[in-house]
Amino acid sequence: MTIILGLESSCDETAAAIVRSDRTVLSHALAGQEDHHRAFGGVVPEIAARAHSELMMPLVETALADAGMTLDDVDAIAATAGPGLIGGVMVGLVTAKALAMAAGKPLIAVNHLEGHALSPRLVDADLDFPYLLLLVSGGHCQLLRVNGVGYYDRLATTIDDAVGEAFDKTAKILGLGFPGGPAVERAAQNGDAKNVPLPRPLKGADEPHFSFAGLKSAVVRAHDTGQYRIEDIAASFQQAVVECLADRLTYTLDRIDPPGALVVAGGVAANMQIRGMLESLAEKRGMRFVAPPLWLCTDNGAMIAWAGAERFAAGHTDGLDFVARPRWPLDPDAAPARGAGVKA
Ligand SMILES: Nc1ncnc2c1ncn2[C@@H]1O[C@H](COP(=O)(O)OP(=O)(O)OP(=O)(O)O)[C@@H](O)[C@H]1O
Ligand SMILES: [Mg+2]
């Protein structure tokens, strides 16, 4: 049984957690930075990096104290080493290197996306490889076949915006505040999804990829007319996202030999309407549907500690010279999707 300390700092959540290889979360400490960024309507990288450097060590101390441990009790120290806002990533990675060096423990450099991708296995011991993963977060929208730790086939990606980005921008346009995803979901509960005509980008297209930029622009135009209720725009937007995701997933499912489970991960996986659609899609296909609990969907330290535990079990550790990576695709061999602003 191994015990891993995991640090996360790739965006605007600072987090430290201690996880045991038998899937026990011994502690998890997290500090959001919403108050630092709210005035700007989005995450400011420089402010985020400074906040991470103030918050990280106190959170590590909290995680150790909550688990009743010292650094001597952990077997390895994992940290997000990319992709993400590079200043923040460097804070977490350098902290982990310093702790690893001081305590004489191995370092595990974790791909943040692998943290999201493996997070469902932390809470579901029966989720075996391979599985089909819809990774929907603030920076990504990808469909991946997860073959094993470190082995991913990217089947589809967004050709422009990430789905979480579309939620955040929609919230900003509608004046719903920050962070945007939960605010749009809340507003949508009181809206009519049929009231605002919005496009379904790439629906029916003969390619597997996603697109959300046109939807975002259509939200701007609908809002500018002044003729629609905010709640109706939010509901119509969310409905359009759900239909696009369902259509694109169906395209791929029709063309592959689907594995036994459909899994969703990343911050947008917290959205109940998206979960509901995925659950019924999986049921129709005879696939098991697995979604992590909400606290494990958005960025957190436990998913990094767990990915660290999985990598450690597979024999992977990293040198103290590991360099933080702003971009780090899970499937480096995937052909680039068409379009400008292609996400990794
Ligand atoms: N209930 C929800 N409905 C829709 N979107 C949501 C919901 N809750 C959170 N989100 C979105 O999830 C995103 C945050 O997820 P996460 O923390 O995984 O992203 P990130 O770490 O910023 O990006 P990445 O993981 O791609 O680097 C934000 O865009 C947020 O608006
Ligand atoms: Mg994330």
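The values are calculated or read from the model by the stated rules, or taken from the named source; none is laboratory data. Everything numeric here is computed off the predicted structure, so don't read it as measured data. Neighbour counts are summed over all protein chains in view; Cβ atoms, including those assigned to glycine, are modelled from backbone coordinates with ideal geometry.
Residues in region 223-234 that are surrounded by 15 or more Cβ atoms within 10 Å (Cβ to Cβ) and either out of contact with any Asp or Glu (no Cβ under 9 Å at 6 or more places or on another chain) or within 11 Å of residue 170 (Cα to Cα) (or both): 5 in all.
So how many residues does region 1-30 have that are at pLDDT 95 or above and within 16 Å of ligand 2 (Cβ to nearest atom)? Qualifying residue count for the region: 11.
Residue by residue, here is whether (1) of a type in the set (D, E, K, R); (2) crowded, with 21+ Cβ neighbours inside 10 Å; (3) assigned to a helix (DSSP H, G or I); (4) in contact (Cβ under 8 Å) with a residue 24 or more places away in the chain holds:
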residue: 30; (1), (2), (3), (4): no, no, no, yes
residue: 38; (1), (2), (3), (4): yes, no, yes, yes
residue: 53; (1), (2), (3), (4): no, no, yes, yes
residue: 61; (1), (2), (3), (4): yes, no, yes, no
residue: 93; (1), (2), (3), (4): no, yes, yes, yes
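The test for being away from ligand 1 (no atom under 16 Å from the Cβ) and over 30 Å from residue 55 (Cβ atoms) holds for residue 262. Among the numbered conditions (1) within 15 Å of ligand 2 (Cβ to nearest atom); (2) modelled with pLDDT of 95 or more; (3) in contact with a helix residue (DSSP H, G or I) (Cβ under 8 Å, 6 or more places away or on another chain), the only one that residue 162 does not meet is (3).
Can you say whether residue 242 is among the β-branched types (Val, Ile, Thr) and under 27 Å from residue 222 (Cβ atoms), as far as the supplied structure shows? For residue 242, the condition - among the β-branched types (Val, Ile, Thr) and under 27 Å from residue 222 (Cβ atoms) - is met. State whether one or more residues within region 134-156 are basic (Lys, Arg), surrounded by 23 or more Cβ atoms within 10 Å (Cβ to Cβ) and not in a loop (DSSP other than H, G, I, E, B). Checked region 134-156: no residue is basic (Lys, Arg), surrounded by 23 or more Cβ atoms within 10 Å (Cβ to Cβ) and not in a loop (DSSP other than H, G, I, E, B). Selection over region 8-48 of residues that are in contact with a Phe, Trp or Tyr (Cβ under 7 Å, 6 or more places away or on another chain) and more than 20 Å from residue 164 (Cα to Cα) gives a count of 1.
Every condition in (1) touching a His at 6+ places or on another chain (Cβ under 8 Å); (2) within 16 Å of ligand 1 (Cβ to nearest atom) is met by residue 18 except one, and the failing one is (2).
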